[in-house]
Amino acid sequence: MSIKVSVRVRPIIPRLDGKQGEVVQYEEADSTVQLVSDVPNPGQVKTYRFDHLIGPEQTTGQLYDELVRSGVQRLHHGYNLALFAYGPSGAGKT
């Protein structure tokens with residue numbers, strides 16, 4: 001079994017700006033995201049690494065082609081597949 005974790009970096013939603021941390025920097029080449037904390041330690045920077053990072057300039061169609069299409073094709077050959085999308089309402093999980 002193989003589990004891969006991917007993240008999609010989206011522009012900050014104005015109504016959430018400053019309430020849940022802020023993206024300082026992301027690097028698609030090494031799939032890392034740096035966040036600066038607003039609570040409990042203001043200014044603390046944390047770096048997270050993922051298996052795959054999709055930047056805000058990529059479309060949902062490109063995301064599907066890169067991450068989902070091959071898994072769906074394997075379903076037709078008898079393999080199992082589970083996709084889990086997590087995020088706030090209106091973030092484009094569909």
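In table form, for the structure just shown:
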item	result
Accessible area, probe 1.4 Å, largest first, for residues THR60, THR32	THR60, THR32
Largest-first ordering by accessible area, 1.4 Å probe, given options ASP38, ASP51	ASP51, ASP38
In Hz, Karplus ³J(HN,Hα) per residue of the range 67-76 (6.51, -1.76, 1.60; θ = phi - 60°; x = Gly, Pro)	10, 10, 3, 5, x, 5, 5, 5, 4, 5
Average accessible surface area per residue within the chain, 1.4 Å rolling probe, Å²	80
Ranking by accessible area, most exposed first, for SER2, SER31 with a 1.4 Å probe	SER2, SER31
Proximal charge balance of TYR79 [Cβ under 15 Å; K/R count +1, D/E count -1]	+3
Per-residue ³J(HN,Hα) for the range 28-33, Karplus 6.51 cos²θ - 1.76 cosθ + 1.60, θ = phi - 60°, Hz, x for Gly and Pro	5, 4, 10, 6, 10, 10
The chain shape via C-alpha gyration tensor axes, a/c threshold 1.5	prolate
Of all accessible heavy-atom area on the chain, the percent that carbon and sulfur account for (1.4 Å)	53
Computed accessible area, LEU83, all protein chains, 1.4 angstrom probe, square angstrom	110
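The values are calculated or read from the model by the stated rules, or taken from the named source; none is laboratory data. In this text, all values refer to a predicted model and were calculated from it rather than measured experimentally. No Cβ is skipped: glycine too gets one built from the backbone with ideal geometry, and neighbour counts run over all protein chains shown. With ligands, DNA and RNA removed, areas are computed over all heavy atoms of the protein, side chains included. Shrake-Rupley method; radii C 1.70, N 1.55, O 1.52, S 1.80 Å.
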